[in-house]
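Engineer: Quick one: the structure is below, and I'll ask about it shortly.
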Amino acid sequence: MSIWICGVDEAGRGPLVGAVVAGAVVLDSQQPIVGLKDSKKLSPAKREALYAEITSKAKAWGIGEASPGEIDKLNILQATMLAMQRAIQSLVDQMGEWPGEALIDGNRCPSLPIPARAIIQGDAKEPAISAASILAKVHRDRQMQILHEQFPQYGFNQHMGYPTEAHIAALKHYGPCAEHRRSFAPVRELINA
């Protein structure tokens, strides 16, 4: 029986655009990673450096996503749970077996065939969750850079899709792009106006 524990966290629940992304990580105690903490407390350069270290040193890691369409269909909570399930499945595909337990950042756990424990502010308490937080944030930020190249008028490279004044102003001026979440109030109100 496996005693591996995976940490799981998400990025992108609050933005108006793009996928919600989850990371899942099984750390390797033989290859410690210094500096793991909540991704929001790290500079973009530090997150990128840790991303490279995590993906090279972890026993296994996975990324899962739920698309804007899935978010609109399911709701953001259920889409987040789906992204987490997909991240863990990706990790399982690498390891060839399920971890013994999943530690989930937050107050809810996705449905899994293994024990799972929700830990509020887990990204500040559990190194594996911190690592998952970093993977999810870096992956999503990279997606936003790509979206910025496709739709530069919205300034996604500045606000990463969050509902800032600049984003709302661009949304009102240009209308939503294909990657905007139609079920989120600021987007829905524009469509229905």
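Engineer: Is it the case that some residue within region 165-175 is within 15 Å of Gly18 (Cβ to Cβ) and in a loop (DSSP other than H, G, I, E, B)? Outline the logic, then answer.
Structural biologist: Step one: filter region 165-175 for residues within 15 Å of Gly18 (Cβ to Cβ), giving 167, 170-171.
Checking the rest, the ones that are also in a loop (DSSP other than H, G, I, E, B) come to none.
So far as region 165-175 goes, no, none of its residues is within 15 Å of Gly18 (Cβ to Cβ) and in a loop (DSSP other than H, G, I, E, B).
Engineer: Scan region 114-125 and tell me whether some residue there is farther than 15 Å from Pro15 by Cα, part of a helix (DSSP H, G or I), touching a Phe, Trp or Tyr at 6+ places or on another chain (Cβ under 8 Å) and hydrophobic (A, V, I, L, M, F, W, C).
Structural biologist: The initial filter retains those residues of region 114-125 that are farther than 15 Å from Pro15 by Cα, namely 114-125.
Going one step further and asking which of them are part of a helix (DSSP H, G or I), we end up with 122-124.
Okay, now just the ones that are also touching a Phe, Trp or Tyr at 6+ places or on another chain (Cβ under 8 Å), so none.
The answer is no, given that none of the residues of region 114-125 is farther than 15 Å from Pro15 by Cα, part of a helix (DSSP H, G or I), touching a Phe, Trp or Tyr at 6+ places or on another chain (Cβ under 8 Å) and hydrophobic (A, V, I, L, M, F, W, C).
Engineer: Hey, among the residues in region 18-47 that are of a type in the set (A, V, I, L, M) and in contact with a helix residue (DSSP H, G or I) (Cβ under 6 Å, 6 or more places away or on another chain), which one's surrounded by the fewest Cβ atoms within 10 Å (Cβ to Cβ)? Steps first, please.
Structural biologist: We begin by selecting, within region 18-47, every residue of a type in the set (A, V, I, L, M); these are 19-22, 24-27, 33-34, 36, 42, 45.
Cutting the leftovers down to in contact with a helix residue (DSSP H, G or I) (Cβ under 6 Å, 6 or more places away or on another chain) gives us 20-22, 24-25, 27, 33, 36.
Values: Val20: 28, Val21: 28, Ala22: 35, Ala24: 35, Val25: 32, Leu27: 25, Ile33: 18, Leu36: 24.
The residue in question is Ile33.
Engineer: Mind telling me which of the residues Leu74, Leu91, Leu50, Leu82 ends up being hydrophobic (A, V, I, L, M, F, W, C) and open to solvent by 60 Å² or more (accessible area, probe 1.4 Å)?
Structural biologist: Working: Leu91 fails: open to solvent by 60 Å² or more (accessible area, probe 1.4 Å); Leu50 fails: open to solvent by 60 Å² or more (accessible area, probe 1.4 Å); Leu82 fails: open to solvent by 60 Å² or more (accessible area, probe 1.4 Å).
Exactly one of Leu74, Leu91, Leu50, Leu82 is hydrophobic (A, V, I, L, M, F, W, C) and open to solvent by 60 Å² or more (accessible area, probe 1.4 Å), namely Leu74.
Engineer: Give the residues of region 172-193 that are hydrophobic (A, V, I, L, M, F, W, C), surrounded by 15 or more Cβ atoms within 10 Å (Cβ to Cβ) and closer than 16 Å to Gly14 by Cα, sorted by residue number. Give the derivation first.
Structural biologist: The initial filter retains those residues of region 172-193 that are hydrophobic (A, V, I, L, M, F, W, C), namely 177-178, 184-185, 187, 190-191, 193.
The next check asks that each one be surrounded by 15 or more Cβ atoms within 10 Å (Cβ to Cβ); those that pass are 177, 184, 187, 190.
Once the filter is applied, which keeps residues that are hydrophobic (A, V, I, L, M, F, W, C), surrounded by 15 or more Cβ atoms within 10 Å (Cβ to Cβ) and closer than 16 Å to Gly14 by Cα, region 172-193 yields Phe184, Val187.
Engineer: Report yes if Arg182 is within 20 Å of Ala66 (Cα to Cα), touching a residue at least 60 places away in the same chain (Cβ under 8 Å) and assigned to a loop (DSSP other than H, G, I, E, B), otherwise no. Give the steps one after another, and end with the answer.
Structural biologist: On the way: within 20 Å of Ala66 (Cα to Cα): yes; touching a residue at least 60 places away in the same chain (Cβ under 8 Å): yes; assigned to a loop (DSSP other than H, G, I, E, B): yes.
Against the criterion (within 20 Å of Ala66 (Cα to Cα), touching a residue at least 60 places away in the same chain (Cβ under 8 Å) and assigned to a loop (DSSP other than H, G, I, E, B)), Arg182 qualifies.
Engineer: Quick one: which of Gly106, Gly100, Gly64 is open to solvent by less than 30 Å² (accessible area, probe 1.4 Å) and in contact with a Leu (Cβ under 8 Å, 6 or more places away or on another chain)?
Structural biologist: Working: Gly106 fails: in contact with a Leu (Cβ under 8 Å, 6 or more places away or on another chain); Gly100 fails: in contact with a Leu (Cβ under 8 Å, 6 or more places away or on another chain).
Sole residue among the options that is open to solvent by less than 30 Å² (accessible area, probe 1.4 Å) and in contact with a Leu (Cβ under 8 Å, 6 or more places away or on another chain): Gly64.
The values are calculated or read from the model by the stated rules, or taken from the named source; none is laboratory data. As the structure is a computational prediction, the values presented were derived from the model and not from experiment. Quick reminder, even Gly has a Cβ in these numbers, built from the backbone with ideal geometry, and neighbours come from all protein chains shown. Just so you know, the surface numbers come from the protein's heavy atoms only, side chains and all, with ligands and any DNA or RNA stripped out. Shrake-Rupley method; radii C 1.70, N 1.55, O 1.52, S 1.80 Å.
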